[in-house]
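The structure appears right after this line, and notes come after that.
The values are calculated or read from the model by the stated rules, or taken from the named source; none is laboratory data. Computed from a predicted structure; not experimentally measured. All Cβ positions, even for glycine, are placed from backbone atoms using ideal geometry, and neighbour counts span all protein chains on display. To get the accessible areas, we keep the full protein, side chains included, count just its heavy atoms, and leave off ligands, DNA and RNA. Shrake-Rupley method; radii C 1.70, N 1.55, O 1.52, S 1.80 Å.
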Amino acid sequence: GYPNINNWGIDFYPDMSEYDADELYAPGWTLNNGDTAYLYSAADPNSVDLHCRWMWEYGIDGVFLQRFLGELGDSRFRTMRNMVTENIRAGCEAHGRLFAIMYDISGVDDADLLADLTNDWNYLVGSLDVTNSPSYACHNGKPVVSIWGLGFKNRGLTPATATAIINFFKTQGMTVKGGVPDGWRTLSGSSDTDPAWAAVYRSFDII
């Protein structure tokens, strides 16, 4: 379905003036001046190419492409995420920009997390060949992968699973970046307080 006033809040409305006519998607809204309101779609390769060109024009080196792990069990979302990944790769290669995968693991159970992550990563590397792109971001000669969501309290995730995930990616030759809670250094704030998380945080290559 379309986003509408009952299910979507807008922080910033996009400037649509540089999109071609065939990239304008009308969800059925009007602007305050009565004009039709349009949106772009990241499933459209031309729009993603435009975003990558903007990165080049404005001196932005690259982008982390967020991949929501909890969605990937639904083939509709998985197909869309894969399509956007291929669009980002093509756009970054065309405009000399960098990209890397950032997993958001929100909502995935601890029992499923390691298998879901490794299975999807093996697909990205084996089928989409993402890390062989000349535009895939590297750090110290190793491709970068980011994992957002380990260590937050009240999510039911264990330090043992987190360690297994980090070790998996390191054995794949990756630089592993963690998106972690604000209180990671002291196990406070939004961080889980289990002392074992301290070693997990410090095993990331990048925080």
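Quick one: would you say Asp61 is at pLDDT 95 or above, closer than 19 Å to Gly178 by Cα and in contact with a Leu (Cβ under 8 Å, 6 or more places away or on another chain)? No; evaluated as a whole, the condition is false for this residue. Among what's in segment 23-54 and is in contact with a strand residue (DSSP E or B) (Cβ under 9 Å, 6 or more places away or on another chain) and within 19 Å of Gly96 (Cα to Cα), pick the residue that is least open to solvent (accessible area, probe 1.4 Å). Among them, the one singled out is Cys52.
Report yes if Tyr13 is open to solvent by 70 Å² or more (accessible area, probe 1.4 Å) and of a type in the set (Ser, Thr, Tyr), otherwise no. Criteria met by Tyr13.
From the list Gly73, Gly34, Gly28, Gly9, the one residue that fits, being out of contact with any Leu (no Cβ under 7 Å at 6 or more places or on another chain) and closer than 25 Å to Ile147 by Cα, is Gly73. Among the numbered conditions (1) within 26 Å of Ile206 (Cα to Cα); (2) open to solvent by less than 70 Å² (accessible area, probe 1.4 Å); (3) free of Cβ contacts under 8 Å to residues at least 60 places away in the same chain; (4) not polar (S, T, N, Q), the only one that Glu86 does not meet is (2). A single member of Ser106, Ser188 is surrounded by fewer than 17 Cβ atoms within 10 Å (Cβ to Cβ) and under 15 Å from the mean Cα position of the chain (by Cα), and it is Ser106.
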